[in-house]
1. Sum -39500 (n - 2.57) across every DSSP H segment of at least 4 residues in the chain, then divide by the residue count to get the 222 nm mean residue ellipticity, nearest 500.
2. Check His32: other-chain or 5+ apart residues with amide H under 5 Å from its amide H, H built from backbone geometry?
3. Considering only the other residues whose Cβ falls under 11 Å of the Cβ of Ala196, what net charge follows from Lys and Arg at +1 and Asp and Glu at -1?
4. With unit charges on the beta carbon (Lys/Arg positive, Asp/Glu negative), name the residue among Gly100, Ser117, Asn181 whose Cα is farthest towards the positive pole of the charge dipole of the chain.
5. Taking all protein chains as present, what is the carbon and sulfur share of the accessible area of the chain, in % to the nearest whole number, probe 1.4 Å?
6. Measuring from label point to label point, each 7 Å out along Cα→Cβ, what is the Lys269 to Asp143 span in nm?
7. For region 273-314, what log10 I(q)/I(0) values come out of the Debye formula at q = 0.35 1/Å, with one point per alpha carbon and no solvent?
8. Please report, largest first and rounded to whole Å, the three semi-axes of the ellipsoid equivalent to region 46-127, where each semi-axis is the square root of five times an eigenvalue of the C-alpha gyration tensor.
Amino acid sequence: MPHNIGLMLHTADMNFDEIIRLAQHCEASDYHGFWLTEESGKEAFAVLALLAQNTERIILGTSIVNFYSRTPMLLAMGTRTIWDLSGGRFHLGLGTGGIGFMTQGHGIKIERPIARSKEVLEIIRGFLSEQRFSYDGEWFNVDNFHLREGPIAEHVPIYQAALGPKMIGVAAKYYDGFISNWLTPQSLQNYREMIAKGCAQVGRDPSEVKLLALEMAAPDNSSESRDAMRRGCAFYCASPHYEHIAEISGLGDDFRRVKEVWETRDYAKAASYVSDEMLETFTLTGDNDACKRRINWLLSEGVYPIIYPVPRHHLKAEDHFTTADRVIELLEGSHV
C-alpha cells in the first residue's frame with residue numbers, strides 16, 4: 001500500500017530522462033504522489049503528459065500552477081488531458097504563483113486573488129462536471145460552452161495553495177483542501193481554526209478539507225546540505241506571506257533579520273543568517289531521529305506531506321533520489 005506522502009520537484013532542476021526516472025523510482029518506492037511546481041522551468045502539463053505515459057500507479061499532481069496566466073477553460077482542458085492520459089491519476093493544485101516570477105516574468109499583477117480563486121475554481125468545476133456550462137463572472141464569461149470530450153464522471157481533487165487566513169478561508173469553503181508550507185504545530189493549530197471558521201460559514205464538515213504541506217527536505221545532515229537548505233529558507237524569507245508563520249512559531253525576529261539582508265541582494269549573507277532553529281522548525285533537516293519524529297508528527301496529524309528536495313547545486317539530480325530514499329527509510333517501522 002502506498003505511503004501517504006508525495007514528492008515534488010522544480011522541473012528546471014533535472015532533465016526529462018531524470019524526471020521520468022525519479023517518478024518511476026518514487027512509484028516503485030510506494031510514494032502516493034509525484035507533484036510538479038511550475039515557475040520558469042518546464043511547462044507543467046507537458047511534463048505531466050510525459051509522466052502519465054511512463055508511470056502506472058502513482059498520482060500525478062501540480063503543486064502548484066498559477067491561475068493568472070491560464071484561463072479557467074485552459075486549466076480544465078489540461079486537467080482533462082492529464083486525467084485521461086493517466087487513467088484518472090491527476091490532482092490539480094492551483095495558486096496565485098510567486099510574486100517575483102508572476103510580476104517580473106509573466107508581467108501580471110496579482111490582483112484580488114481571493115475572488116479570482118473562487119471564480120476560477122467554479123468555472124473549472126463547471127467544465128469538468130457539466131455537459132453544457134454558462135458562467136457570468138468578474139473576469140470570465142462562459143456562454144453555454146463545453147469541453148469537446150465532455151465532462152469527467154469522477155470527482156477530480158483540486159487544492160488551493162494557501163498561507164494566509166483569507167485564502168485558507170476560500171479553500172475551506174470550496175476546495176478539496178489546501179497546500180501549505182513551513183508547517184509547525186502553531187501554524188497547524190492556526191489553520192485548523194481557520195478551516196473550522198470557513199466551513200461553518202457554508203455548513204461544511206471540516207474533515208472534508210484535506211491539508212497538504214510542502215516539506216522542504218535535505219538529503220542528509222551534512223554541513224553542505226544544511227547550507228543548501230539555508231539558501232532555500234532565505235528565499236522564502238523574502239516573501240511577506242511567511243512572516244506570520246515565523247511569528248506565531250517564535251521565530252519572527254529571525255525571519256525579519258534574514259529578510260532585511262535578502263532585500264540588499266546579498267543572498268549568501270542572507271542565507272548565513274538562517275539559524276539551525278529555523279531549519280529544524282520549518283524543514284526536514286537534522287539527524288535521522290529528528291527527521292523521523294517530524295514525518296511521524298505530520299502523518300499523525302492527518303497531514304499529507306509533499307517532500308520537496310532541496311538539492312546541493314552540484315548534485316541536483318542525485319540529491320532528489322537520495323532525499324526520496326531517505327524519507328522512505330525514515331518511514332520504515334513507523335506505525336503511523
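1. Numbers: 13 runs with 156 residues, N = 336.
Computed mean residue ellipticity for the chain: -14500 deg cm²/dmol.
2. His3, Ile5
3. In short, +1.
4. Ser117
5. 49
6. For the pair Lys269/Asp143, the computed spacing is 5.8 nm.
7. Taking Cα atoms of region 273-314 as identical point scatterers yields -1.21.
8. Equivalent-ellipsoid dimensions as semi-axes: 25, 15, 9 Å.
The values are calculated or read from the model by the stated rules, or taken from the named source; none is laboratory data. From a predicted model like this one, the values you see are computed outputs, not experimental measurements. Reconstructed Cβ throughout: ideal geometry from the backbone, glycine too, with neighbour counts over all protein chains shown. Note: areas computed on protein heavy atoms with side chains; ligands, DNA, RNA excluded. Shrake-Rupley method; radii C 1.70, N 1.55, O 1.52, S 1.80 Å.
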